[in-house]
Structure formats: structure tokens, C-alpha cells
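A short worksheet on the structure shown next.
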Amino acid sequence: MEQINVALSPFTRRSRSLAVSHVGHDLSRGLEPGEHVLIHDPVADEHFNAVVADIHFDLDDTQYRLTVGGRITPAEATEWMEPAGDDETLTTRDIVDLLAELRRGERDISAALAGIRAR
């Protein structure tokens, strides 16, 4: 999992949306839509989960829009950064991933139903 260190402004905290530059944050690899990432705010020393919501490619850089999720504890952040285990035990990260997937599915279904009703 990729960790992004960035100070979160009050506006970002309210809007739950963050624009991130690939070059500006020296990311080790490209991010994928729907991928979960960890945000660390070094000013407040807080950790948040986030999901890559959108990607925009330029010639010089790639911009990502992240949907900022809930705050997590430092211990949970450490757990999230560890490689996924091979055992059958569910971790907090697994449960958060499942809930995020459920929310995305719910939005997709709502959008599809709205399109059907509009006909």
C-alpha cells in the first residue's frame, strides 16, 4: 500500500477530497482507480484511509483525486503498511476495503437505477 505524506487543510478535511501530484509527492509507482492508499498528515500526526477516485494524465505529471476516508490509529496505519498475509484472518484493513467496495457498488446501483427511472 502506498503512503502519501501531506498536510490536510481544513477545507480538505471537510470536503474529503484531495488532489495529489505523482511527481510532487514522489510516489514509488502509479496508482490505480479504486486503489486504497494511506494518508499521513505530518502536521497533525494523523492517518487516514483514502481511495483513488480519479486520475488525470499530463505530459509531465499524473494527478490523482483521492476520496479521504476515516481517521485510523497509528497502529492500524502500521498494520495497513504491512504486506497482506496468507492466512484466513480478517484484518481491520480487510474490513475497511470490503466496506469501501460495498459503498462503490451501492453508488453504481443507485446511478443505474436513476438512469432507468429517467427513461
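The values are calculated or read from the model by the stated rules, or taken from the named source; none is laboratory data. Just so you know, these numbers come straight off a predicted model, no measurement behind them. Side chains included, ligands, DNA and RNA excluded: accessible areas come from the protein's heavy atoms. Shrake-Rupley method; radii C 1.70, N 1.55, O 1.52, S 1.80 Å.
Side notes on the structure shown:
- For the chain, the Cα gyration tensor yields ellipsoid semi-axes of 24, 21, 15 Å (square root of five times each eigenvalue, largest first, whole Å).
- With every protein chain in place, the stretch 9-86: carbon and sulfur % of accessible area (1.4 Å): 55
- Convex hull (Cα only) mean projected area of the stretch 52-119, reported in nm² to one decimal: 7.9
- Average accessible surface for the chain: 66 Å² per residue, computed with a 1.4 Å probe over protein heavy atoms with every protein chain in place.
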